[in-house]
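Trainee: Take a look at the following structure, please.
The values are calculated or read from the model by the stated rules, or taken from the named source; none is laboratory data. Since the model is a prediction, treat every value here as computed from it, not as a measurement. For neighbour counting, all protein chains shown are included, and Cβ atoms are generated from backbone atoms with ideal geometry for every residue, glycine included.
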Amino acid sequence: MRKVTAGLFMSLDGVVEAPNEWQFAFDDEMGAAMSRMLEQQDAVLLGRVTYAEWAGYWPTSTDEPFASWINRTPKYVASTTLDSVDDWSNSTLVTGSIGDFVADLRRQQGGTIGTAGSPTLVRSLLDLGLVDELTLLIHPVVAGGRRKKLFTDDAALTRLELIEAQPTSSGVIIASYRPVR
């Protein structure tokens, strides 16, 4: 069975929205961790917001090597409001139950299924028990500003087991967790 993983940049106060507005550094250790995650993935799950932001940039980007990777990788977009994702190659719109779709995708042959950005989607998949590993790149900054957090104040109790933690030269902690089932 395939694994579903999620990797998110996060501030100390739990903010995952718009890291470009509060992320002060991207060091070599973070780059290496992100590369290791991408090397294992052969499919990507995206929420509507991340898809809309990325589809306007990555198809014509020359930022290598990520541009080539994300453009050729199958992308599955979870949305109840989009009519089409035809403007970005290798994208498929998931209009039904995301839980059923991901459960079926996990049973198919292939590598790891990654979730890019998309904190609302990540929360949904965690709630459904469909995330096998969650990697947080925790930045030593309080983002504030009423931005979206990974977990809402009324989130259900969810136990996670630490798999690995690594501090980086810029003070970011790369922490990987596995949900306790």
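Trainee: Scan the range 43-71 residue by residue and report those that are surrounded by fewer than 16 Cβ atoms within 10 Å (Cβ to Cβ), charged (D, E, K, R) and modelled with pLDDT of 90 or more.
Mentor: GLU53 - this is the single residue of the range 43-71 that is surrounded by fewer than 16 Cβ atoms within 10 Å (Cβ to Cβ), charged (D, E, K, R) and modelled with pLDDT of 90 or more.
Trainee: Now for a different question. Kindly indicate which of ALA33, ALA52 is in contact (Cβ under 8 Å) with a residue 40 or more places away in the chain and not hydroxyl-bearing (Ser, Thr, Tyr).
Mentor: ALA33
Trainee: Here's a check for you: in the range 1-42, which residue that is hydroxyl-bearing (Ser, Thr, Tyr) and at pLDDT 95 or above is farthest from the chain's Cα centre (by Cα)?
Mentor: SER11
Trainee: Does ALA143 qualify as being of a type outside the set (Val, Ile, Thr), more than 16 Å from the chain's Cα centre (by Cα) and surrounded by 19 or more Cβ atoms within 10 Å (Cβ to Cβ)? Steps first, answer last, please.
Mentor: Working: of a type outside the set (Val, Ile, Thr): yes; more than 16 Å from the chain's Cα centre (by Cα): yes; surrounded by 19 or more Cβ atoms within 10 Å (Cβ to Cβ): yes.
When the stated conditions are applied, ALA143 passes them.
Trainee: Name the residues in the range 2-26 that are part of a loop (DSSP other than H, G, I, E, B) and either surrounded by fewer than 14 Cβ atoms within 10 Å (Cβ to Cβ) or small (Gly, Ala, Ser) (or both), would you? Break it down into steps so the answer makes sense when it comes.
Mentor: Start the filter on the range 2-26 by keeping residues that are part of a loop (DSSP other than H, G, I, E, B), which leaves 2-3, 12-14, 16-18, 22-26.
Listed by number, the residues that qualify are LEU12, ASP13, GLY14, ALA18, PHE24, ALA25.
Trainee: Out of ILE173, ILE163, which single residue is farther than 23 Å from TRP22 by Cα, surrounded by fewer than 18 Cβ atoms within 10 Å (Cβ to Cβ) and not acidic (Asp, Glu)?
Mentor: On the way: ILE173 fails: farther than 23 Å from TRP22 by Cα.
Of the residues listed, the single one that is farther than 23 Å from TRP22 by Cα, surrounded by fewer than 18 Cβ atoms within 10 Å (Cβ to Cβ) and not acidic (Asp, Glu) is ILE163.
Trainee: Residues to consider are LEU125, LEU121, LEU136; find the one that is surrounded by 17 or more Cβ atoms within 10 Å (Cβ to Cβ) and not in a helix (DSSP H, G or I). Spell out the reasoning first.
Mentor: Details: LEU125 fails: not in a helix (DSSP H, G or I); LEU121 fails: not in a helix (DSSP H, G or I).
Unique residue meeting the criteria: LEU136.
Trainee: Can you tell me which residues in the range 124-169 are of a type in the set (Lys, Arg) and on the phi < 0 side of the Ramachandran plot?
Mentor: Within the range 124-169, ARG147, LYS148, LYS149, ARG159 meet the criteria.
Trainee: Which one is surrounded by the fewest Cβ atoms within 10 Å (Cβ to Cβ) among residues in the range 146-159 that are aliphatic (A, V, I, L, M) and within 23 Å of ARG48 (Cα to Cα)?
Mentor: ALA155
Trainee: Okay, next question. What residue, among those in the range 88-118 that are aliphatic (A, V, I, L, M) and assigned to a strand (DSSP E or B), is surrounded by the fewest Cβ atoms within 10 Å (Cβ to Cβ)?
Mentor: Looking at the filtered set, the residue picked out is LEU93.
Trainee: Let me ask you something else. Pairs under 6 Å by beta carbon, first residue touching a residue at least 60 places away in the same chain (Cβ under 8 Å) in the range 86-103, partner among the aliphatic types (A, V, I, L, M), six or more apart or different chains?
Mentor: VAL102/LEU130
Trainee: Another question, if that's okay. Does VAL85 satisfy the criteria of being in contact with a helix residue (DSSP H, G or I) (Cβ under 8 Å, 6 or more places away or on another chain), at pLDDT 95 or above and either acidic (Asp, Glu) or not in a strand (DSSP E or B) (or both)?
Mentor: Numbers: in contact with a helix residue (DSSP H, G or I) (Cβ under 8 Å, 6 or more places away or on another chain): yes; at pLDDT 95 or above: yes; either acidic (Asp, Glu) or not in a strand (DSSP E or B) (or both): yes.
Yes; evaluated as a whole, the condition is true for this residue.
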